[in-house]
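The values are calculated or read from the model by the stated rules, or taken from the named source; none is laboratory data. None of the values given here were measured: they were computed from a predicted structure. Counting neighbours? That spans all protein chains shown, and the Cβs are built from the backbone with ideal geometry, glycine included. To get the accessible areas, we keep the full protein, side chains included, count just its heavy atoms, and leave off ligands, DNA and RNA. Shrake-Rupley method; radii C 1.70, N 1.55, O 1.52, S 1.80 Å.
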Amino acid sequence: MKNQLATVKETLLMGPGPSSVHPTVYQALAKPTIGHLDPAFIAIMDEIKEFLQQLMQTGNRLTVPISGTGSAGMETCFVNLVEPGDDVLVLINGVFGMRMADVAGRLGANVDTLEFEWGTPVVPARVKEKLNEKTYALIAVVHAETSTGVCNPIDEVAELVKETSSLFLVDTVTSLGGIPVTVDAWQADAVYSGTQKCLSCPPGLAPISFSDKAVEKTMNRRNKVPNWYLDLTMIVNYWEGNTRAYHHTAPINMLYGIYESLYCVLSEGLDNVYSRHQKAHLALVEALESLGFEMLVAPEFRLPMLNSVKIPEGIDEAKIRMQLLQEHQIEIGAGLGPLAGKIWRIGVMGHTARMENIEQFTNALKSCL
Ligand SMILES: Cc1ncc(COP(=O)(O)O)c(C=O)c1O
(Lines give C-alpha, C1' and ligand atoms only; values in the text may rest on other atoms or scores of the structure.)
Protein backbone atom coordinates (compact mmCIF):
# COMPACT_ATOMS: atom_id res chain seq x y z
CA MET A 1 0.00 0.00 0.00
CA LYS A 2 1.42 3.39 -0.99
CA ASN A 3 1.63 6.05 1.71
CA GLN A 4 0.81 9.45 0.21
CA LEU A 5 2.62 11.22 3.04
CA ALA A 6 5.90 10.06 1.52
CA THR A 7 5.29 12.56 -1.30
CA VAL A 8 5.08 15.62 1.00
CA LYS A 9 8.04 17.93 0.41
CA GLU A 10 9.32 20.81 2.52
CA THR A 11 7.97 24.00 0.93
CA LEU A 12 9.10 27.52 1.69
CA LEU A 13 5.75 29.01 2.70
CA MET A 14 5.67 32.64 1.57
CA GLY A 15 1.93 32.99 1.12
CA PRO A 16 -0.73 34.52 3.38
CA GLY A 17 -0.45 31.57 5.78
CA PRO A 18 0.38 28.94 6.77
CA SER A 19 3.97 30.09 7.17
CA SER A 20 7.03 27.88 7.65
CA VAL A 21 7.00 25.99 10.93
CA HIS A 22 9.89 26.43 13.35
CA PRO A 23 11.94 23.18 13.65
CA THR A 24 11.53 23.02 17.43
CA VAL A 25 7.76 23.37 17.00
CA TYR A 26 7.79 20.23 14.83
CA GLN A 27 9.73 18.48 17.62
CA ALA A 28 7.18 19.67 20.17
CA LEU A 29 4.29 18.34 18.07
CA ALA A 30 5.92 14.89 18.06
CA LYS A 31 6.18 14.63 21.86
CA PRO A 32 4.17 11.83 23.52
CA THR A 33 0.48 12.56 23.94
CA ILE A 34 -0.51 12.63 27.61
CA GLY A 35 -3.92 12.99 29.23
CA HIS A 36 -5.67 16.34 28.95
CA LEU A 37 -6.29 16.37 32.70
CA ASP A 38 -2.78 15.15 33.65
CA PRO A 39 -1.29 17.68 36.13
CA ALA A 40 1.81 17.88 33.90
CA PHE A 41 -0.41 18.96 31.03
CA ILE A 42 -2.29 21.46 33.17
CA ALA A 43 1.05 23.06 34.08
CA ILE A 44 1.75 23.45 30.33
CA MET A 45 -1.71 24.98 29.82
CA ASP A 46 -1.13 27.48 32.61
CA GLU A 47 2.13 28.59 31.06
CA ILE A 48 0.52 28.93 27.62
CA LYS A 49 -1.93 31.41 29.15
CA GLU A 50 0.94 33.41 30.69
CA PHE A 51 2.91 33.36 27.42
CA LEU A 52 -0.14 34.61 25.51
CA GLN A 53 -0.68 37.40 28.03
CA GLN A 54 2.91 38.52 27.50
CA LEU A 55 2.65 38.39 23.72
CA MET A 56 -0.71 40.18 23.68
CA GLN A 57 0.46 42.66 26.32
CA THR A 58 -2.53 42.08 28.53
CA GLY A 59 -3.41 41.25 32.10
CA ASN A 60 -6.70 39.68 30.93
CA ARG A 61 -7.26 36.47 32.90
CA LEU A 62 -9.34 34.93 30.15
CA THR A 63 -6.53 34.54 27.62
CA VAL A 64 -6.57 31.03 26.15
CA PRO A 65 -6.20 29.15 22.87
CA ILE A 66 -9.50 27.95 21.40
CA SER A 67 -9.49 24.58 19.59
CA GLY A 68 -9.88 25.45 15.93
CA THR A 69 -8.38 27.83 13.39
CA GLY A 70 -8.54 31.63 13.35
CA SER A 71 -12.16 31.56 12.18
CA ALA A 72 -13.06 29.59 15.33
CA GLY A 73 -11.49 32.45 17.29
CA MET A 74 -13.60 34.93 15.34
CA GLU A 75 -16.73 32.87 15.93
CA THR A 76 -15.91 32.48 19.65
CA CYS A 77 -15.77 36.25 20.09
CA PHE A 78 -19.04 36.87 18.27
CA VAL A 79 -21.09 33.98 19.70
CA ASN A 80 -20.15 34.90 23.25
CA LEU A 81 -20.48 38.67 22.94
CA VAL A 82 -23.36 39.23 20.54
CA GLU A 83 -27.06 38.54 21.12
CA PRO A 84 -29.97 38.83 18.68
CA GLY A 85 -30.91 42.47 18.13
CA ASP A 86 -27.55 43.90 19.27
CA ASP A 87 -26.26 46.78 17.16
CA VAL A 88 -22.85 45.87 15.77
CA LEU A 89 -20.53 47.98 13.63
CA VAL A 90 -17.92 46.24 11.46
CA LEU A 91 -15.18 48.23 9.73
CA ILE A 92 -14.41 46.56 6.41
CA ASN A 93 -11.49 46.89 4.02
CA GLY A 94 -11.01 43.30 2.92
CA VAL A 95 -12.16 39.69 3.15
CA PHE A 96 -11.83 39.27 6.91
CA GLY A 97 -13.91 42.33 7.80
CA MET A 98 -16.57 40.91 5.48
CA ARG A 99 -16.36 37.57 7.27
CA MET A 100 -16.89 39.27 10.64
CA ALA A 101 -20.03 41.03 9.34
CA ASP A 102 -21.32 37.68 8.04
CA VAL A 103 -20.71 35.95 11.38
CA ALA A 104 -22.40 38.76 13.36
CA GLY A 105 -25.38 38.77 10.96
CA ARG A 106 -25.91 35.01 11.40
CA LEU A 107 -26.31 35.61 15.14
CA GLY A 108 -29.20 37.98 14.56
CA ALA A 109 -27.27 41.18 15.24
CA ASN A 110 -28.21 44.40 13.44
CA VAL A 111 -25.00 44.84 11.52
CA ASP A 112 -23.88 48.21 10.17
CA THR A 113 -20.75 48.26 8.07
CA LEU A 114 -18.37 51.05 7.18
CA GLU A 115 -16.46 50.14 4.05
CA PHE A 116 -13.11 51.39 2.79
CA GLU A 117 -11.38 50.75 -0.51
CA TRP A 118 -9.40 47.49 -0.52
CA GLY A 119 -5.69 48.28 -0.28
CA THR A 120 -6.34 51.39 1.85
CA PRO A 121 -6.79 51.59 5.63
CA VAL A 122 -9.82 52.29 7.78
CA VAL A 123 -10.20 56.09 8.11
CA PRO A 124 -10.67 57.10 11.78
CA ALA A 125 -12.52 60.36 10.88
CA ARG A 126 -15.25 58.34 9.17
CA VAL A 127 -15.47 55.99 12.14
CA LYS A 128 -15.86 59.02 14.41
CA GLU A 129 -18.77 60.33 12.33
CA LYS A 130 -20.47 56.94 12.51
CA LEU A 131 -20.01 56.70 16.28
CA ASN A 132 -21.55 60.15 16.70
CA GLU A 133 -24.67 58.90 14.89
CA LYS A 134 -25.35 55.72 16.84
CA THR A 135 -24.40 53.72 19.92
CA TYR A 136 -23.17 50.18 19.24
CA ALA A 137 -23.03 47.13 21.49
CA LEU A 138 -19.84 46.06 19.69
CA ILE A 139 -17.39 47.51 17.18
CA ALA A 140 -15.16 45.12 15.22
CA VAL A 141 -12.09 45.69 13.08
CA VAL A 142 -9.22 43.68 11.59
CA HIS A 143 -5.72 44.77 12.64
CA ALA A 144 -3.75 43.17 9.77
CA GLU A 145 -5.99 42.66 6.72
CA THR A 146 -4.39 39.61 5.11
CA SER A 147 -6.39 39.96 1.89
CA THR A 148 -4.70 43.28 1.04
CA GLY A 149 -1.60 43.75 3.22
CA VAL A 150 -2.99 46.83 4.97
CA CYS A 151 -2.30 47.62 8.62
CA ASN A 152 -5.35 49.32 10.10
CA PRO A 153 -4.75 52.17 12.59
CA ILE A 154 -6.01 50.33 15.66
CA ASP A 155 -4.44 52.87 18.06
CA GLU A 156 -6.56 55.64 16.55
CA VAL A 157 -9.75 53.59 16.28
CA ALA A 158 -9.22 52.46 19.89
CA GLU A 159 -9.11 56.09 21.06
CA LEU A 160 -12.53 56.66 19.47
CA VAL A 161 -14.05 53.47 20.87
CA LYS A 162 -12.78 54.35 24.38
CA GLU A 163 -15.19 57.33 24.31
CA THR A 164 -18.16 54.97 23.88
CA SER A 165 -19.74 52.17 25.90
CA SER A 166 -19.19 49.66 23.06
CA LEU A 167 -17.23 46.44 23.29
CA PHE A 168 -14.15 46.60 21.04
CA LEU A 169 -13.21 43.47 19.06
CA VAL A 170 -9.94 43.23 17.12
CA ASP A 171 -8.84 40.46 14.72
CA THR A 172 -5.12 39.86 15.28
CA VAL A 173 -4.79 36.66 13.24
CA THR A 174 -2.02 37.96 11.02
CA SER A 175 -0.58 40.65 13.30
CA LEU A 176 0.14 38.60 16.45
CA GLY A 177 3.85 37.85 16.66
CA GLY A 178 4.75 40.12 13.73
CA ILE A 179 3.83 43.62 14.92
CA PRO A 180 2.87 44.83 18.40
CA VAL A 181 -0.56 43.71 19.61
CA THR A 182 -1.25 45.82 22.69
CA VAL A 183 -4.56 44.58 24.02
CA ASP A 184 -4.62 46.57 27.28
CA ALA A 185 -3.36 49.82 25.73
CA TRP A 186 -6.09 49.56 23.09
CA GLN A 187 -8.60 48.66 25.82
CA ALA A 188 -9.71 45.96 23.41
CA ASP A 189 -12.43 43.79 24.95
CA ALA A 190 -11.85 40.79 22.75
CA VAL A 191 -9.11 39.73 20.37
CA TYR A 192 -8.57 36.50 18.49
CA SER A 193 -5.68 35.15 16.49
CA GLY A 194 -4.34 32.01 14.82
CA THR A 195 -1.23 29.87 15.05
CA GLN A 196 -0.29 29.56 11.38
CA LYS A 197 0.93 33.08 10.63
CA CYS A 198 3.60 34.83 12.69
CA LEU A 199 3.70 32.13 15.40
CA SER A 200 5.44 29.63 13.05
CA CYS A 201 3.11 26.84 14.11
CA PRO A 202 0.70 24.79 11.95
CA PRO A 203 -2.95 25.90 11.80
CA GLY A 204 -5.24 24.52 14.50
CA LEU A 205 -5.54 26.85 17.48
CA ALA A 206 -7.01 30.31 17.92
CA PRO A 207 -5.67 32.30 20.88
CA ILE A 208 -8.29 34.68 22.29
CA SER A 209 -8.29 37.25 25.07
CA PHE A 210 -11.37 38.72 26.78
CA SER A 211 -11.36 41.80 29.05
CA ASP A 212 -13.29 41.81 32.33
CA LYS A 213 -16.03 43.80 30.58
CA ALA A 214 -16.28 41.12 27.86
CA VAL A 215 -16.33 38.35 30.47
CA GLU A 216 -19.11 40.16 32.32
CA LYS A 217 -21.14 40.47 29.12
CA THR A 218 -20.60 36.75 28.39
CA MET A 219 -21.56 35.62 31.88
CA ASN A 220 -24.68 37.80 32.03
CA ARG A 221 -26.23 37.13 28.64
CA ARG A 222 -30.00 37.20 28.18
CA ASN A 223 -29.71 33.93 26.20
CA LYS A 224 -27.39 30.93 26.29
CA VAL A 225 -24.37 31.11 23.99
CA PRO A 226 -25.86 29.59 20.81
CA ASN A 227 -22.80 27.44 20.02
CA TRP A 228 -22.01 24.66 22.51
CA TYR A 229 -18.41 24.04 21.41
CA LEU A 230 -17.32 27.68 21.65
CA ASP A 231 -19.26 28.62 24.79
CA LEU A 232 -16.67 30.30 27.01
CA THR A 233 -18.88 30.03 30.09
CA MET A 234 -18.10 26.30 29.98
CA ILE A 235 -14.61 26.37 28.40
CA VAL A 236 -13.24 28.49 31.29
CA ASN A 237 -13.92 25.61 33.68
CA TYR A 238 -11.25 23.60 31.86
CA TRP A 239 -8.74 26.44 31.61
CA GLU A 240 -9.17 28.05 35.03
CA GLY A 241 -9.47 27.16 38.72
CA ASN A 242 -8.32 24.28 40.91
CA THR A 243 -10.72 21.65 39.63
CA ARG A 244 -10.40 21.43 35.88
CA ALA A 245 -13.55 20.09 34.27
CA TYR A 246 -13.65 18.22 31.00
CA HIS A 247 -15.33 20.20 28.22
CA HIS A 248 -13.91 18.70 25.03
CA THR A 249 -10.71 16.67 24.64
CA ALA A 250 -8.01 19.28 24.24
CA PRO A 251 -5.80 18.92 21.14
CA ILE A 252 -2.81 17.99 23.31
CA ASN A 253 -0.06 17.97 20.69
CA MET A 254 -1.23 21.22 19.07
CA LEU A 255 -1.01 22.76 22.52
CA TYR A 256 2.60 21.51 22.77
CA GLY A 257 3.08 23.23 19.41
CA ILE A 258 1.75 26.60 20.52
CA TYR A 259 3.66 26.32 23.78
CA GLU A 260 6.91 25.92 21.87
CA SER A 261 6.11 28.65 19.35
CA LEU A 262 5.32 31.13 22.12
CA TYR A 263 8.46 30.03 23.96
CA CYS A 264 10.51 30.76 20.81
CA VAL A 265 8.94 34.20 20.24
CA LEU A 266 9.34 35.27 23.86
CA SER A 267 12.90 33.92 24.11
CA GLU A 268 13.90 35.83 20.99
CA GLY A 269 12.33 38.96 22.50
CA LEU A 270 9.35 40.83 21.09
CA ASP A 271 11.37 43.79 19.79
CA ASN A 272 13.80 41.44 18.02
CA VAL A 273 10.93 39.48 16.49
CA TYR A 274 9.22 42.63 15.21
CA SER A 275 12.44 44.05 13.77
CA ARG A 276 13.23 40.71 12.05
CA HIS A 277 9.85 40.95 10.29
CA GLN A 278 10.45 44.58 9.35
CA LYS A 279 13.93 43.86 7.96
CA ALA A 280 12.68 40.95 5.86
CA HIS A 281 9.79 43.09 4.58
CA LEU A 282 12.05 45.99 3.57
CA ALA A 283 14.45 43.64 1.80
CA LEU A 284 11.57 42.00 -0.05
CA VAL A 285 10.07 45.33 -1.16
CA GLU A 286 13.48 46.53 -2.34
CA ALA A 287 14.00 43.33 -4.32
CA LEU A 288 10.53 43.50 -5.89
CA GLU A 289 10.89 47.17 -6.80
CA SER A 290 14.30 46.54 -8.35
CA LEU A 291 12.60 43.96 -10.58
CA GLY A 292 10.09 46.63 -11.68
CA PHE A 293 7.15 45.58 -9.48
CA GLU A 294 4.89 48.08 -7.72
CA MET A 295 3.43 47.52 -4.25
CA LEU A 296 -0.35 47.79 -3.79
CA VAL A 297 -0.33 49.56 -0.43
CA ALA A 298 1.18 52.99 0.36
CA PRO A 299 4.39 52.61 2.45
CA GLU A 300 2.93 54.04 5.66
CA PHE A 301 0.09 51.47 5.75
CA ARG A 302 2.07 48.37 4.73
CA LEU A 303 2.14 45.29 6.89
CA PRO A 304 5.61 43.79 7.19
CA MET A 305 4.30 40.23 7.17
CA LEU A 306 1.98 40.44 4.14
CA ASN A 307 3.21 42.12 0.99
CA SER A 308 0.77 42.74 -1.86
CA VAL A 309 2.45 43.38 -5.17
CA LYS A 310 0.71 44.38 -8.38
CA ILE A 311 1.03 42.01 -11.34
CA PRO A 312 2.34 43.87 -14.40
CA GLU A 313 0.53 43.53 -17.76
CA GLY A 314 1.56 40.47 -19.75
CA ILE A 315 2.50 38.28 -16.78
CA ASP A 316 0.54 35.07 -16.30
CA GLU A 317 0.37 35.28 -12.52
CA ALA A 318 -1.07 31.79 -11.94
CA LYS A 319 1.62 30.21 -14.12
CA ILE A 320 4.43 31.88 -12.21
CA ARG A 321 2.93 30.90 -8.86
CA MET A 322 2.74 27.29 -10.06
CA GLN A 323 6.32 27.45 -11.39
CA LEU A 324 7.57 28.81 -8.07
CA LEU A 325 5.83 25.95 -6.28
CA GLN A 326 6.76 23.11 -8.59
CA GLU A 327 10.27 24.11 -9.62
CA HIS A 328 11.43 25.98 -6.52
CA GLN A 329 9.19 24.64 -3.69
CA ILE A 330 8.12 28.19 -2.81
CA GLU A 331 4.48 29.06 -2.22
CA ILE A 332 3.10 32.59 -2.60
CA GLY A 333 -0.55 33.66 -2.51
CA ALA A 334 -2.97 34.94 -5.13
CA GLY A 335 -5.27 37.95 -4.80
CA LEU A 336 -8.77 37.52 -3.35
CA GLY A 337 -12.12 39.07 -4.35
CA PRO A 338 -11.68 42.25 -6.40
CA LEU A 339 -7.90 41.77 -6.28
CA ALA A 340 -7.95 38.24 -7.79
CA GLY A 341 -5.57 38.10 -10.76
CA LYS A 342 -4.29 41.59 -9.94
CA ILE A 343 -1.88 40.95 -7.06
CA TRP A 344 0.33 38.38 -5.42
CA ARG A 345 0.36 38.18 -1.64
CA ILE A 346 3.83 37.41 -0.39
CA GLY A 347 4.09 36.49 3.27
CA VAL A 348 7.10 36.97 5.50
CA MET A 349 5.54 35.59 8.63
CA GLY A 350 7.19 34.03 11.66
CA HIS A 351 9.99 31.60 10.82
CA THR A 352 9.66 32.59 7.15
CA ALA A 353 10.74 36.16 7.98
CA ARG A 354 14.48 35.61 7.48
CA MET A 355 16.84 37.20 5.00
CA GLU A 356 17.94 33.89 3.45
CA ASN A 357 14.32 33.25 2.47
CA ILE A 358 14.01 36.66 0.82
CA GLU A 359 17.14 35.90 -1.19
CA GLN A 360 15.93 32.42 -2.15
CA PHE A 361 12.55 33.81 -3.24
CA THR A 362 14.08 36.68 -5.21
CA ASN A 363 16.41 34.36 -7.11
CA ALA A 364 13.56 31.97 -7.85
CA LEU A 365 11.27 34.76 -9.04
CA LYS A 366 14.00 36.13 -11.30
CA SER A 367 14.46 32.75 -12.91
CA CYS A 368 10.67 32.35 -13.43
CA LEU A 369 10.41 35.80 -15.01
C1 LIG B 1 -7.06 38.44 9.26
C2 LIG B 1 -7.61 37.04 9.28
N3 LIG B 1 -8.69 36.78 10.03
C4 LIG B 1 -9.21 35.55 10.08
C5 LIG B 1 -8.67 34.51 9.36
C6 LIG B 1 -9.29 33.16 9.44
O7 LIG B 1 -8.40 32.24 9.96
P8 LIG B 1 -8.42 30.68 9.57
O9 LIG B 1 -8.24 30.60 8.10
O10 LIG B 1 -7.25 30.16 10.36
O11 LIG B 1 -9.71 30.12 10.03
C12 LIG B 1 -7.54 34.74 8.58
C13 LIG B 1 -6.95 33.64 7.77
O14 LIG B 1 -6.19 33.85 6.87
C15 LIG B 1 -7.01 36.04 8.52
O16 LIG B 1 -5.94 36.30 7.78
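Out of region 11-27, which residues are surrounded by 23 or more Cβ atoms within 10 Å (Cβ to Cβ) and away from the ligand (no atom under 16 Å from the Cβ)?
If the condition is that a residue be surrounded by 23 or more Cβ atoms within 10 Å (Cβ to Cβ) and away from the ligand (no atom under 16 Å from the Cβ), then Val25 is the only one that fits.
Sort out which residues of region 154-197 are open to solvent by less than 10 Å² (accessible area, probe 1.4 Å), part of a loop (DSSP other than H, G, I, E, B) and within 11 Å of the ligand (Cβ to nearest atom), and write them in order of number.
Of everything in region 154-197, those that are open to solvent by less than 10 Å² (accessible area, probe 1.4 Å), part of a loop (DSSP other than H, G, I, E, B) and within 11 Å of the ligand (Cβ to nearest atom) turn out to be Thr172, Thr174, Ser175, Ser193, Gly194, Thr195.
Restricting the search to region 299-317, which residues are under 25 Å from Val142 (Cα atoms) and either touching a residue at least 40 places away in the same chain (Cβ under 8 Å) or not aliphatic (A, V, I, L, M) (or both)?
Pro299, Glu300, Phe301, Arg302, Leu303, Pro304, Met305, Leu306, Asn307, Ser308, Lys310 - these are the residues of region 299-317 that are under 25 Å from Val142 (Cα atoms) and either touching a residue at least 40 places away in the same chain (Cβ under 8 Å) or not aliphatic (A, V, I, L, M) (or both).
Based on what the data block shows, is Leu81 open to solvent by less than 10 Å² (accessible area, probe 1.4 Å), touching a residue at least 60 places away in the same chain (Cβ under 8 Å) and in contact with an Asp or Glu (Cβ under 8 Å, 6 or more places away or on another chain)? First the steps, then the outcome.
Working: open to solvent by less than 10 Å² (accessible area, probe 1.4 Å): yes; touching a residue at least 60 places away in the same chain (Cβ under 8 Å): yes; in contact with an Asp or Glu (Cβ under 8 Å, 6 or more places away or on another chain): yes.
Spelling it out, Leu81 is indeed open to solvent by less than 10 Å² (accessible area, probe 1.4 Å), touching a residue at least 60 places away in the same chain (Cβ under 8 Å) and in contact with an Asp or Glu (Cβ under 8 Å, 6 or more places away or on another chain).
Name the single residue that is farthest from the chain's Cα centre (by Cα) among those in region 292-314 being at negative phi, exposed (fewer than 13 other Cβ atoms within 10 Å of the Cβ) and in a loop (DSSP other than H, G, I, E, B).
In this case the residue turns out to be Glu313.
What's the total number of residues in region 201-226 that are open to solvent by 10 Å² or more (accessible area, probe 1.4 Å) and within 16 Å of the ligand (Cβ to nearest atom)? Even if it seems obvious, please write down each step before you answer.
So the first thing to find is which residues in region 201-226 are open to solvent by 10 Å² or more (accessible area, probe 1.4 Å), and the list is 202-204, 211-213, 215-217, 219-226.
Checking which are within 16 Å of the ligand (Cβ to nearest atom) leaves us with 202-204.
Matching residues across region 201-226 total 3.
Identify the residue in region 69-113 that is within 14 Å of the chain's Cα centre (by Cα) and among the charged types (D, E, K, R) and, among all such residues, is farthest from the ligand (Cβ to nearest atom).
Going through the qualifying residues, I end up with Glu75.
Of the conditions (1) within 25 Å of Arg222 (Cβ to Cβ); (2) touching a Leu at 6+ places or on another chain (Cβ under 9 Å); (3) surrounded by fewer than 18 Cβ atoms within 10 Å (Cβ to Cβ), Arg106 satisfies every one except a single condition; which number is it?
(2)
Yes or no: region 39-56 includes at least one residue that is surrounded by 13 or more Cβ atoms within 10 Å (Cβ to Cβ), at pLDDT 95 or above and of a type in the set (S, T, N, Q).
Yes, region 39-56 contains a residue that is surrounded by 13 or more Cβ atoms within 10 Å (Cβ to Cβ), at pLDDT 95 or above and of a type in the set (S, T, N, Q).
Please specify each residue of region 230-262 satisfying the condition of being open to solvent by 20 Å² or more (accessible area, probe 1.4 Å), free of Cβ contacts under 8 Å to residues at least 40 places away in the same chain and part of a loop (DSSP other than H, G, I, E, B).
Listed by number, the residues that qualify are Gly241, Asn242, Thr243, Ala245.
If the Cβ limit is 8 Å and pairs must be 6+ apart or interchain, which residue in region 1-26 that is not assigned by TED's automatic domain parsing to the domain that holds Ala144 and modelled with pLDDT of 95 or more pairs with which residue that is open to solvent by 80 Å² or more (accessible area, probe 1.4 Å) and not small (Gly, Ala, Ser)?
The qualifying pairs are Leu12/Gln360.
Out of His277, His328, I need the residue that is open to solvent by 30 Å² or more (accessible area, probe 1.4 Å) and either in contact with a Cys (Cβ under 8 Å, 6 or more places away or on another chain) or under 26 Å from Pro203 (Cα atoms) (or both). Which one?
Result of the check over His277, His328: His328.
State which residue pairs qualify: first residue closer than 30 Å to Val225 by Cβ and inside region 109-132, second residue open to solvent by 30 Å² or more (accessible area, probe 1.4 Å) and acidic (Asp, Glu) in any location, beta carbons under 8 Å apart, and separation of 6 or more residues or different chains.
Correct list of pairs: Ala109/Asp87; Asn110/Asp87; Asp112/Asp87; Lys130/Asp112; Leu131/Glu163.
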